[in-house]
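Colleague: Could you have a look at this structure, given as structure tokens, before my questions?
The values are calculated or read from the model by the stated rules, or taken from the named source; none is laboratory data. Remember, it's a predicted structure, so these values are computed and weren't measured experimentally. Glycine gets a Cβ as well: all are built from the backbone with ideal geometry, and neighbour counts include every protein chain shown.
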Amino acid sequence: MALTYQPFSETPQIQSLRRDLDLNLPREERLGSVLLGGLVLAATVSPQRIAKWGILTIGLALLWRGWSGRCPWYQRIGLDRRHGMKVDLAHFSR
């Protein structure tokens with residue numbers, strides 16, 4: 001048996017907990033991101049090409065943030081609004 005053997009890692013309860021802990025946005029914030037992202041994408045019908053690509057990028061980022069439930073910026077600063085936790089980044093410094 002390998003030293004990395006984890007007998008309970010494949011149970012449904014552990015997998016469900018792992019998925020939940022992977023998210024750092026609460027439901028309300030996810031919904032807001034999806035709605036705002038959709039509105040921003042709808043604004044890309046503007047005639048200016050440069051503005052169109054910038055707005056499209058922001059809208060897609062908001063949609064991804066809402067759909068995935070993860071915010072890379074929150075993760076970088078150690079904030080987890082879904083579970084009400086603030087992670088101590090000094091603990092993880094290199």
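Colleague: Testing Glu29 on (1) among the acidic types (Asp, Glu); (2) over 14 Å from the mean Cα position of the chain (by Cα); (3) in a helix (DSSP H, G or I), one condition comes back false. Which one is that?
Modeller: Glu29 satisfies all of (1) among the acidic types (Asp, Glu); (2) over 14 Å from the mean Cα position of the chain (by Cα); (3) in a helix (DSSP H, G or I) except (2).
Colleague: Same structure, new question: So, in segment 11-53, of the ones that are closer than 21 Å to Cys71 by Cα and of a type in the set (Val, Ile, Thr), which residue ends up surrounded by the most Cβ atoms within 10 Å (Cβ to Cβ)?
Modeller: Per the stated criteria, the residue is Val40.
Colleague: Pick from Leu31, Leu17, Leu3: which is out of contact with any strand residue (DSSP E or B) (no Cβ under 9 Å at 6 or more places or on another chain) and modelled with pLDDT of 85 or more?
Modeller: Leu31
Colleague: Which residue, of Gly59, Gly37, Gly66, is touching a residue at least 40 places away in the same chain (Cβ under 8 Å), part of a helix (DSSP H, G or I), touching a helix residue (DSSP H, G or I) at 6+ places or on another chain (Cβ under 9 Å) and not charged (D, E, K, R)?
Modeller: Just a single option satisfies the conditions, and that option is Gly66.
Colleague: Tally time: how many residues in segment 40-54 are of a type in the set (Gly, Ala, Ser) and part of a loop (DSSP other than H, G, I, E, B)?
Modeller: 1
Colleague: If a residue has to be in a helix (DSSP H, G or I) and either farther than 19 Å from Asn24 by Cβ or not aromatic (Phe, Trp, Tyr) (or both) to count, how many in segment 69-84 make the cut?
Modeller: Final tally of qualifying residues: 4.
Colleague: Further question: If we keep just the residues of segment 10-26 that are closer than 23 Å to Leu63 by Cβ and not in a helix (DSSP H, G or I), which is farthest from the chain's Cα centre (by Cα)?
Modeller: So the residue we want is Pro26.
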